[in-house]
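Student: First the structure, which I've put down as structure tokens, then a few questions once you've had a look.
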Amino acid sequence: MRNLKIDAERLWGDLMETAAFGATPKGGLARLTLTDEDRKVRDWFRTQAEALGCTVTVDDMGIMFARRKGQRDDLAPIAMGSHLDTQPTGGRFDGVLGVLGALEALRTMVNAGYETVAPIEVVNWTNEEGSRFAPAVIASGVFSGVFTRDWAIAQKDRSGIAFGDELKRIGYAGSERCGAHPLSAYFELHIEQGPILEAENTEIGIVTGVQGVRWYEVALKGQESHTGATPMTMRKNALLGAARLVDRIETIARAHPPHAVGTVGLVEVKPNSRNVVPGEVFFTVDFRHPDAAVLADMEAAFCHALDEVCVPLGLSVACEKIWDEAPVHFDKDCIAAVRASAATSGYSTREMFSGASHDAAVVARVAPTAMIFVPCRDGISHNEVEFSSKEQCAAGAQVLLQAVMDYDRRLAEQKR
Ligand SMILES: [Zn+2]
């Protein structure tokens, strides 16, 4: 396989040039989906892709596909991409790197005259962030059959404007039906959005999946009473129960190292008065792990702890599971392509699960998928100070390029 090399300066130039669309004074981006700023970056992307000889199609969720023909157009395209929308005080790399890195990878192939067997596409997914129109990954969700298009386009922002109306207004309501677009595979380059790669001084994260999530809401009920007049042995202190449970949740997560995380992030105490024994506490629990079986163990341990803590304290418990998102395991051939590509390129690597969700996590339902992570400074994202260096961005795009070429070669052998 020819060892093509992406142009780090050119990729960095694209990142900085497009950062003008929605630039914030603090050096970040405010490019909410389907705004005029989003339209400008979409227009820019279309112009760049067409200059490379690509055909750009847009589906009825506004998802953009820039396609370069392969030797065999009977094969479904190998896609790479991410999202160009950002949070209201977002950074210049989250999502953007995945699209512009893909564009740079494609440009490298075009300039070298390298022909793939399958067509290659660069994809810009609409509204990954979900900050203007909830939920997140709404377009890749429709693409993958998680949401219906009718429901998605009816979603409104806080000023009451519908997704579908804004899509039309900016001129990106395409004619292709969302989801009627088979992919041979999908590769997404993204900043890690966490601190692991930087802390370990590792250049590339080979992302093997996205961890599962379970959320619970817990209400404890005891007895409000006077703090001065109620002996310690005669109290039903709901906050004491909650405190012990917070500690148990920490213990449960730490009992499943290194991946399990468990968090109580929200607590409400009633009546929240300094001389009343707390009678009621509401709190939330967030468990995450890459393995559904471990999540089930954590859940069982948590249910056990609820009784063990609350019964001796005379508290009643109501616990509801409000979200159960199964872990996503990426495709072994796509992961192998990323692994081989990182090895060819000589980068230090580690295999990891994604802590955050991505378009790739949803697209994995309908196409073989994998992701590539690069470090970001202090693990910070969804923040204007978000930063990955020119070299880090280039390393990610290089691995993306080689992974797609590797996958294409394997696909050609399979489909001979
Ligand atoms: Zn993102």
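The values are calculated or read from the model by the stated rules, or taken from the named source; none is laboratory data. Quick caveat: nothing in here was measured; it's all calculated off a predicted structure. Neighbour counts are summed over all protein chains in view; Cβ atoms, including those assigned to glycine, are modelled from backbone coordinates with ideal geometry.
Student: Can F283 be described as part of a helix (DSSP H, G or I), closer than 14 Å to I249 by Cα, touching a Leu at 6+ places or on another chain (Cβ under 9 Å) and assigned by TED's automatic domain parsing to the domain that holds N237?
Tutor: For F283, the condition - part of a helix (DSSP H, G or I), closer than 14 Å to I249 by Cα, touching a Leu at 6+ places or on another chain (Cβ under 9 Å) and assigned by TED's automatic domain parsing to the domain that holds N237 - is not met.
Student: Can you tell me which residues in region 122-137 are touching a residue at least 60 places away in the same chain (Cβ under 8 Å) and either farther than 24 Å from G101 by Cα or not assigned by TED's automatic domain parsing to the domain that holds D408 (or both)?
Tutor: Those that are touching a residue at least 60 places away in the same chain (Cβ under 8 Å) and either farther than 24 Å from G101 by Cα or not assigned by TED's automatic domain parsing to the domain that holds D408 (or both): R132, F133.
Student: May I pose another question? Are any residues in region 74-91 surrounded by fewer than 24 Cβ atoms within 10 Å (Cβ to Cβ) and under 20 Å from F187 (Cβ atoms), and if so, which ones?
Tutor: Those that are surrounded by fewer than 24 Cβ atoms within 10 Å (Cβ to Cβ) and under 20 Å from F187 (Cβ atoms): L75, A76.
Student: Determine if region 303-316 includes at least one residue that is more than 37 Å from the chain's Cα centre (by Cα) and within 17 Å of Y216 (Cα to Cα).
Tutor: Yes.
Student: Another question, then. Counting only residues that are within 16 Å of the ligand (Cβ to nearest atom) and not charged (D, E, K, R), give me the strands (runs of 3 or more DSSP E) lying completely in region 176-264 with at least 3 of them.
Tutor: The qualifying strands (runs of 3 or more DSSP E) are 185-191, 204-210.
Student: Starting from region 12-25, keep only residues that are closer than 16 Å to T86 by Cα, then list their pairs with residues that are among the β-branched types (V, I, T) and not in a loop (DSSP other than H, G, I, E, B) whose Cβ atoms are within a distance under 8 Å, requiring at least 6 positions of separation or different chains.
Tutor: L15/V96; T18/V41; T18/V96; A19/V96; F21/V41; G22/V41
Student: Evaluate the following for A66: is it crowded, with 20+ Cβ neighbours inside 10 Å and not hydroxyl-bearing (S, T, Y)?
Tutor: In short, yes.
Student: Right, next: Residue pairs, Cβ under 9 Å, 6 or more apart or interchain, first in region 181-196 and closer than 29 Å to A76 by Cα and not assigned by TED's automatic domain parsing to the domain that holds L400, second at pLDDT below 95 and within 15 Å of the ligand (Cβ to nearest atom). List them.
Tutor: The qualifying pairs do not exist here.
Student: Checking P119 against (1) touching a residue at least 60 places away in the same chain (Cβ under 8 Å); (2) away from the ligand (no atom under 16 Å from the Cβ); (3) buried (at least 22 other Cβ atoms within 10 Å of the Cβ): exactly one of these is not met. Which one?
Tutor: (1)
Student: I'm trying to understand the selection: among the residues of region 29-58, which are part of a loop (DSSP other than H, G, I, E, B) and within 17 Å of V122 (Cα to Cα)?
Tutor: L52, G53, C54
Student: Would you say E217 is under 30 Å from A293 (Cα atoms) and charged (D, E, K, R)?
Tutor: Criteria met by E217.
Student: Just the residues that are more than 23 Å from V207 (Cβ to Cβ) and aliphatic (A, V, I, L, M), please, taken from region 161-192.
Tutor: Of everything in region 161-192, those that are more than 23 Å from V207 (Cβ to Cβ) and aliphatic (A, V, I, L, M) turn out to be I161, A162, L167, I170, A173, A180.
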